[in-house]
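This report refers to the structure that appears directly beneath it.
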Amino acid sequence: MRFKSVENTDGTHYGVQFSCPGCGMTHCLPNQNTRADIVAPRWTFNCNFDRPTLTPSILSRGAIAPGDDEGWDDKAICHSFVTDGRIQFLGDCTHALAGQTVDLPEIEP
């Protein structure tokens, strides 16, 4: 499994989570069916936890992976597309996988 479901405290579905090999962080994304009162981007998900596809792209700014002077860096960028279980890192990423496409790692259920 490369994605896992994330639930709200009341047990309802919130979105999906995956481990990012580029920035070393876990990304948690609300899906398009979450609460309408939350102002946040919405991603569509093909519901395949082994070969996930998300649209549109995922853009994360500022987070620094644990072990890398944990905290916030306004210049840190992780920007990617997830398609068919692979993650394509765009050229504006500030980590070592910028411009590369790799398999998403397995994640604990």
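The values are calculated or read from the model by the stated rules, or taken from the named source; none is laboratory data. Model, not experiment: these values are computed from the prediction. So basically every Cβ, Gly included, is an ideal-geometry build from the backbone, and we count neighbours across all protein chains shown.
Side notes on the structure shown:
- Residue check, residue 68 charged (D, E, K, R) and at pLDDT 95 or above: no
- Considered as a group, the residues in segment 20-34 that are outside any loop (DSSP other than H, G, I, E, B) and either at pLDDT 85 or above or of a type in the set (A, V, I, L, M) (or both) include one that is nearest to the chain's Cα centre (by Cα), and that residue is 27.
- Residues of segment 1-19 satisfying the condition of being touching a residue at least 12 places away in the same chain (Cβ under 8 Å) and either among the basic types (Lys, Arg) or in a loop (DSSP other than H, G, I, E, B) (or both): 1, 2, 3, 4
- Restricting segment 35-65 to residues that are loosely packed, with under 12 Cβ neighbours inside 10 Å and farther than 21 Å from residue 89 by Cβ, the residue that is modelled with the highest pLDDT: 47
- Pairing each residue of segment 92-109 that is small (Gly, Ala, Ser) with any residue that is surrounded by 14 or more Cβ atoms within 10 Å (Cβ to Cβ), provided the two are 6+ apart or on different chains, yields C-beta distances under 6 Å for 98/89.
- Residue in segment 79-99 that is surrounded by fewer than 18 Cβ atoms within 10 Å (Cβ to Cβ), modelled with pLDDT of 95 or more and among the basic types (Lys, Arg) present: yes
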